[in-house]
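Encoded as structure tokens, the structure appears first; notes follow it.
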Amino acid sequence: MHWHLASNKLKQNPEGKGDWVEAFIELPEDYNISKTEISTVILNDTIHAEQTTAIGDYDNDSIQDLMVRFNRTDVSQLIMDADVTSGNVTLTITGSLYDSTLFEGTGIIRVRMPGDVNFDGKVDVMDAIQVSNAFGASEGDHNYDPLLDLNQDGKINVLDIILVARRFGQHEP
């Protein structure tokens, strides 16, 4: 049996300061997500889920989801080994329940070159403008955008502008 991930996106955890990539698995109502055998949950047949998981209704559809975490460094290496430097990457998560029911789903990670906040394949004045426009914002502020918080410290400040400046002029081949 094959099932889809609850969310079509995998995401980096901002609270973890970039340590994790999270995925949210949702099964049909007839199956109990708490019966997932975590040791079988694998990303792209290579990266095992960490044992730290949580169950909740993350997409607010009244069906329980299982949040699993994958080591960000391992996921980054997987993507680099595939020679992907920008754009969307589809990854597959597989696993099973304790009764051997199998599930599989895909999710998308958006890859970008460091400093390229608008995902256009180059670090230029447009990236600097976007970070500058959010200058001073912190997590929880209406104008805070985690994509502009390049060092993932919870605030958009001169350190983020410096990160854009260091890469200024770089572009995808």
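Here is the figure for region 17-31: residues that are surrounded by 13 or more Cβ atoms within 10 Å (Cβ to Cβ) and either touching a residue at least 60 places away in the same chain (Cβ under 8 Å) or of a type outside the set (D, E) (or both) total 9.
Listed by first and then second residue, the pairs linking a residue in region 71-82 that is over 13 Å from E50 (Cα atoms) to a residue that is surrounded by 15 or more Cβ atoms within 10 Å (Cβ to Cβ), with Cβ atoms under 8 Å apart and 6 or more places separating them unless they lie on different chains, are L78/L43; L78/N44; L78/I47; L78/L91; I79/V89; I79/I109; I79/V111; A82/V89.
Take I38 and decide whether it is modelled with pLDDT of 90 or more and under 18 Å from the mean Cα position of the chain (by Cα). No, not satisfied. Flag: D45 does not match the condition of being surrounded by fewer than 17 Cβ atoms within 10 Å (Cβ to Cβ), farther than 15 Å from F103 by Cα and of a type outside the set (A, V, I, L, M, F, W, C). Filtered by the rule that a residue be touching a residue at least 40 places away in the same chain (Cβ under 8 Å) and assigned to a loop (DSSP other than H, G, I, E, B), region 108-125 gives M113, P114, G115, D116, V117, G121, V123, D124. Take the conditions (1) assigned by TED's automatic domain parsing to the domain that holds I47; (2) surrounded by 13 or more Cβ atoms within 10 Å (Cβ to Cβ); (3) not acidic (D, E); L147 misses just one of them, which is (1). Looking only at residues in region 62-77 that are in contact with a strand residue (DSSP E or B) (Cβ under 8 Å, 6 or more places away or on another chain) and modelled with pLDDT under 85, the one that is surrounded by the fewest Cβ atoms within 10 Å (Cβ to Cβ) is I63.
Here is a check on your reading of the model: is M80 modelled with pLDDT of 90 or more, in a helix (DSSP H, G or I) and aliphatic (A, V, I, L, M)? Considered against the rule, which asks whether it is modelled with pLDDT of 90 or more, in a helix (DSSP H, G or I) and aliphatic (A, V, I, L, M), M80 comes out as no.
Would you tally the residues in region 129-148 being without any contact (Cβ under 8 Å) to a residue 60 or more places away in the chain and part of a loop (DSSP other than H, G, I, E, B)? Total meeting the criteria: 12. Taking only region 12-31 into account, find how many residues are at pLDDT below 50 and outside any loop (DSSP other than H, G, I, E, B). Total satisfying the criteria: 4. Here T94, T85 are screened, and the one residue that is more than 12 Å from the chain's Cα centre (by Cα), assigned by TED's automatic domain parsing to the domain that holds T52 and touching a residue at least 60 places away in the same chain (Cβ under 8 Å) is T85. Within region 32-52, can you find the residues that are over 17 Å from D19 (Cα atoms) and either part of a loop (DSSP other than H, G, I, E, B) or in contact (Cβ under 8 Å) with a residue 60 or more places away in the chain (or both)? N32, K35, T36, E37, V41, N44, D45, T46 - these are the residues of region 32-52 that are over 17 Å from D19 (Cα atoms) and either part of a loop (DSSP other than H, G, I, E, B) or in contact (Cβ under 8 Å) with a residue 60 or more places away in the chain (or both). Within the option set T106, T85, T90, being hydroxyl-bearing (S, T, Y), surrounded by fewer than 16 Cβ atoms within 10 Å (Cβ to Cβ) and more than 30 Å from I33 (Cα to Cα) holds for one residue only, T85.
The values are calculated or read from the model by the stated rules, or taken from the named source; none is laboratory data. Just so you know, these numbers come straight off a predicted model, no measurement behind them. Glycine also receives a Cβ, built like all others from the backbone with ideal geometry; neighbour counts cover every protein chain displayed.
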